[in-house]
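The structure appears below as structure tokens.
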Amino acid sequence: MVTVVQLLVLIPFAGCISVDYRAKRQAIFDTEKKLSTGGHSILTAIELKADEVLMNIKNKTISEGVINPESYAPAMHFFHAKPIIDNSSIFQIIRAMPKGSVLHLHNTAAVSSEWVIRNLTYRPEAKLCEHAGKVHFTTRASQECPEESLKTIQSLRAKNGTSEAFDYWLESLINLKLNDPELMHADINTVWVQFEKMFTVLRDFITYKPFFEALHTQLLQEFYEDNVLYIEFRMPLSKLYDSNGKTYNESEVAKILIRLIEDFKQDHPDFVGAKVIFSKHRGVDSGTAQDLLKAYVKLNKEFPDLVVGFDLVGQEDINQPLHIFLDELQQFRHTTPYFFHAGETNGYGSESDLNLIDAILLDSRRIGHGFSLYKHPILRKMVKSEGIALEVCPLSNQVLRLVSDLRNHPAVFYVSESIPIVISSDDPGFWDSKGVSYDFYYALMAIAPSSTGIGFLKQIVWDSVRYSSLTAKERTEYSETLQPKWDQFLNDIISGKLVGK
């Protein structure tokens, strides 16, 4: 193999391009490809055949994008690109692909907003509270919503001209989709205010036990239909209530969730399962943080197969940095697996950016987003040497205004250095997405090298097994379930079943 030193030798020109020049040029290309994610994957004969089919379609899409850049979906904002993606051959392949695991997902925003509106808001218990200038969904009067501020959604829908227009307005309360996202969401803080407001709109609604059960069953269904076999969601296991006024504490909520997962697995035997990373908002004080960590330890002891880690969530730029909680986090680091959001920022040297240092030094098993890691050469080496995977959520980073053109996403850099990444969808229901296929589309078409196909997808899929919180035995069983699905997927590409010959 050509060495790095040889590649850097000054190449003489003698009137025409020499054979030596061409060889060195190809060697640089081949070496860089081997260093990137998926570049060192050994492809089987069937994978090579499937790769040829996929790359023919990918290359054609890229070539058409050069001629018509205004309609080239990988370069567009998702809200504009979605109709183009839906009709693309690449997306048909991506949708059919067994995607392994989704390891970064917030339960409240994981289900498609359309389903929430067309199902939960049509139930007779569903009410709308308009109080103190705020609107949220609920089923009950409360301190935050007196009885006179409540109206059933059914009655409001009946008074409107068309249910379609009313439902469109309802959905706008829990979906960031806009006709002109670049104009309306002018900066990160603006979009984050609206984004976090959506959690408030839904919070009381989905802590109503029947709605909680329906939503989480639908969550599993939507991701299963998108060929996801295993999920780790961030969730707080907040107290639930029912129509009789009974409340359910965190342990009781965990038992309900376990039942829902097991019931789903009974009906879908190839679904591997789901686990919880216990997550609370980072806008707390140190005393509360210690209480939350104690709550995690208790829940993990009681439900070791469900509650597997701890995280602090919320906008990093304006909330507490990790180092504020350093004493508490150090105290629990040996009993608590951490999965910290860190570096979800455009800052460099800011407190939110430097969350990456603390996440790594506190032995975070994975890092949520890690968007700004590319600015830190020492941290990059630590992440790679210690096998810490980055949970990359392309659409989330675009919609929440960290990057406009996903071809400029820092994950491009991580892929070039084969820093471990897994692809996740974060909060798909809040931006008109569903499952994780759209994120995988952008991963393949905007983040991966133009020359990479099956090799890249293969590594991402199998790394989602490797970097999960499953035990070694569970990962082995998982792989045995995933492999035949992967093989069938390859056969379907080659046969033309997915997009036609």
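Output the number of residues of the stretch 202-238 satisfying the condition of being in contact with a strand residue (DSSP E or B) (Cβ under 8 Å, 6 or more places away or on another chain) and among the polar types (S, T, N, Q).
The qualifying residues number 1.
Has the stretch 472-480 got any residue that is polar (S, T, N, Q) and part of a loop (DSSP other than H, G, I, E, B)?
Looking through the stretch 472-480, none of the residues is polar (S, T, N, Q) and part of a loop (DSSP other than H, G, I, E, B).
Just to check your reading of the model, which residue among Leu498, Leu470, Leu457 is crowded, with 24+ Cβ neighbours inside 10 Å and in contact (Cβ under 8 Å) with a residue 12 or more places away in the chain?
The conditions single out Leu457.
Within the stretch 133-146, is there a residue that is assigned to a helix (DSSP H, G or I) and open to solvent by 50 Å² or more (accessible area, probe 1.4 Å)?
no
What residue, of Val253, Val276, Val228, Val193, is open to solvent by 10 Å² or more (accessible area, probe 1.4 Å) and among the aliphatic types (A, V, I, L, M)?
Unique residue meeting the criteria: Val193.
Looking at the stretch 316-344 only, could you name the residues that are open to solvent by 10 Å² or more (accessible area, probe 1.4 Å), part of a loop (DSSP other than H, G, I, E, B) and out of contact with any His (no Cβ under 6 Å at 6 or more places or on another chain)?
Of everything in the stretch 316-344, those that are open to solvent by 10 Å² or more (accessible area, probe 1.4 Å), part of a loop (DSSP other than H, G, I, E, B) and out of contact with any His (no Cβ under 6 Å at 6 or more places or on another chain) turn out to be Asp317, Ile318, Asn319, Gln320, Arg333, His334, Thr335, Pro337.
Taking the stretch 364-381 as the search range and keeping residues that are within 22 Å of Asp426 (Cα to Cα) and charged (D, E, K, R), which one is most open to solvent (accessible area, probe 1.4 Å)?
Filtering the stretch 364-381 for residues that are within 22 Å of Asp426 (Cα to Cα) and charged (D, E, K, R), the one most open to solvent (accessible area, probe 1.4 Å) comes out as Arg365.
Considering only residues that are open to solvent by less than 50 Å² (accessible area, probe 1.4 Å) and out of contact with any helix residue (DSSP H, G or I) (no Cβ under 7 Å at 6 or more places or on another chain), which ones fall in the stretch 296-307?
Initial filter on the stretch 296-307 (open to solvent by less than 50 Å² (accessible area, probe 1.4 Å)): 296, 299-300, 303, 306-307.
The answer is Tyr296, Asn300.
Of all residues in the stretch 152-170, which are open to solvent by 20 Å² or more (accessible area, probe 1.4 Å) and in contact with a Lys or Arg (Cβ under 7 Å, 6 or more places away or on another chain)?
Residues satisfying the conditions are Thr152, Ser163.
Considering only residues that are among the hydrophobic types (A, V, I, L, M, F, W, C), outside any loop (DSSP other than H, G, I, E, B) and within 18 Å of Asn249 (Cβ to Cβ), which ones fall in the stretch 280-309?
Once the filter is applied, which keeps residues that are among the hydrophobic types (A, V, I, L, M, F, W, C), outside any loop (DSSP other than H, G, I, E, B) and within 18 Å of Asn249 (Cβ to Cβ), the stretch 280-309 yields Leu292, Leu293, Ala295, Val297, Leu299, Val307.
Just to verify a result, which residue in the stretch 400-414, among those that are in a helix (DSSP H, G or I) and not basic (Lys, Arg), is surrounded by the fewest Cβ atoms within 10 Å (Cβ to Cβ)?
Asn408
Can Ile360 be described as under 21 Å from Ile447 (Cα atoms) and of a type in the set (Val, Ile, Thr)?
Here the answer is no, as Ile360 does not meet what is asked.
Output the qualifying pairs, or none if there are none: Cβ atoms under 9 angstrom, residues six or more apart or on different chains, first residue in the stretch 204-217 and modelled with pLDDT under 95, second residue in a helix (DSSP H, G or I).
Pairs found: none.
The values are calculated or read from the model by the stated rules, or taken from the named source; none is laboratory data. Because the structure is predicted, anything quoted here is derived from the model rather than measured. Because the Cβ atoms are built from the backbone with ideal geometry, glycine has one as well, and the counts that use them run over all protein chains shown. Note: accessible area is taken over every heavy atom of the protein model, side chains too, but ligands, DNA and RNA are not part of it. Shrake-Rupley method; radii C 1.70, N 1.55, O 1.52, S 1.80 Å.
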